[in-house]
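The structure under discussion appears below in the form of structure tokens.
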Amino acid sequence: MKQTLTIEIPTSWGDITLKQYLTMQSELENYRDDEEAQIAIMLLHLCKIQPQYLKGLSADSYNLLKAKLTEFVSPEGIELKKFITLNGKEYGFEPNLSKMAYGAYADITQWDTISIDKNWPKIMSILYRPVTQKKGDRYQIETYTGEWNEELFLTTDMDTNWGCLFFFINLQKDLLNATQKYLKGMELPPNIKSTLEKSGEVMQRLLNLQTVTLKK
């Protein structure tokens, strides 16, 4: 007897929580050299399709799913959300990174990379804190105390998380471009190459940001 299978492909990363994404990424890592297994894992977590049903799909349906999934998974272009609401409370993104508390900076930079991985919920709980005052475009958030609420930020949608990550990616690009323009035409010291290489290593450690690599 034929069965009807209804498949819903998410149209926005806002439909996926950080917890779901991290679980999917962990499983994808275990099958990094198996394209078919990775597709099955993505369809399971993003479309709720159990693996046993994949074999019953026609080749055309399966290829269409892969194509739609590829269109969806690119998160580039998602913008930073300054404010988010969690459990009925408004949280704001760190309003002035140049004046961020030393403790917050030290806690973020203790990890070798800043990417959406197991440490990301901690980073989000450092960058987003409850709003205490707000007037127009100006706002203040709670003073950083060194406490993290990972479980709370695991419930945030991936639109929020991608927006935050790409904010730092774009910031890094802007800083590098500005530095190159500033140095252009200047008389540079003979050891500038080695100096920049060392500086680059530090910056790369601070902002070793991941890009999403998905096999087509």
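The values are calculated or read from the model by the stated rules, or taken from the named source; none is laboratory data. Just so we're clear, the structure is a prediction, and the values are computed from it rather than from any experiment. Cβ placement follows ideal geometry from the backbone for every residue including glycine, while neighbour counts extend to all protein chains displayed.
The residues listed here are Thr85, Thr11; of these, the one that is outside any helix (DSSP H, G or I), closer than 15 Å to Asp159 by Cβ and at pLDDT 90 or above is Thr85. Filter the stretch 101-114 down to the residues that are in contact with a Leu (Cβ under 9 Å, 6 or more places away or on another chain) and surrounded by 16 or more Cβ atoms within 10 Å (Cβ to Cβ) and list them by number. Once the filter is applied, which keeps residues that are in contact with a Leu (Cβ under 9 Å, 6 or more places away or on another chain) and surrounded by 16 or more Cβ atoms within 10 Å (Cβ to Cβ), the stretch 101-114 yields Ala104, Ile108, Ile114. In the stretch 125-137, of all residues being part of a strand (DSSP E or B) and free of Cβ contacts under 8 Å to residues at least 12 places away in the same chain, the one that is farthest from Leu86 (Cα to Cα) corresponds to Lys135.
Any idea which residue in the stretch 39-56 is nearest to Gln20 (Cα to Cα), counting only those that are part of a loop (DSSP other than H, G, I, E, B) and not polar (S, T, N, Q)? Applying the filter and picking the extreme gives Lys48.
For the stretch 115-142, a tally of residues being surrounded by 11 or more Cβ atoms within 10 Å (Cβ to Cβ) and either hydrophobic (A, V, I, L, M, F, W, C) or more than 17 Å from Leu165 (Cα to Cα) (or both) returns 14. Within the stretch 125-134, the presence of at least one residue that is in contact with a strand residue (DSSP E or B) (Cβ under 8 Å, 6 or more places away or on another chain), within 30 Å of Glu27 (Cα to Cα) and of a type in the set (A, V, I, L, M, F, W, C) is confirmed. Of all the listed residues (Lys81, Lys48, Lys68), the sole one being of a type in the set (Lys, Arg), at positive phi and in contact (Cβ under 8 Å) with a residue 12 or more places away in the chain is Lys48.
Taking the conditions (1) at pLDDT below 90; (2) in a loop (DSSP other than H, G, I, E, B); (3) not small (Gly, Ala, Ser) in turn, Leu171 satisfies each one other than (2). Of the residues making up the stretch 139-170, those that are under 18 Å from Gln25 (Cβ atoms), of a type in the set (Phe, Trp, Tyr) and touching a helix residue (DSSP H, G or I) at 6+ places or on another chain (Cβ under 8 Å) are Phe153, Trp162.
Only residues that are out of contact with any helix residue (DSSP H, G or I) (no Cβ under 6 Å at 6 or more places or on another chain) and in a helix (DSSP H, G or I) were counted across the stretch 21-38, and they come to 9. Of everything listed in (1) charged (D, E, K, R); (2) in a loop (DSSP other than H, G, I, E, B); (3) in contact with a Gly (Cβ under 8 Å, 6 or more places away or on another chain), the single unmet condition for Glu147 is (3).
A quick yes/no check of all residues on (1) at pLDDT below 60; (2) on the phi > 0 side of the Ramachandran plot; (3) more than 18 Å from the chain's Cα centre (by Cα); (4) of a type in the set (A, V, I, L, M, F, W, C):
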site: Pro121; (1), (2), (3), (4): no, no, no, no
site: Gly146; (1), (2), (3), (4): no, yes, yes, no
site: Leu152; (1), (2), (3), (4): no, no, no, yes
site: Thr155; (1), (2), (3), (4): no, no, no, no
site: Leu165; (1), (2), (3), (4): no, no, no, yes
site: Asn191; (1), (2), (3), (4): yes, no, yes, no
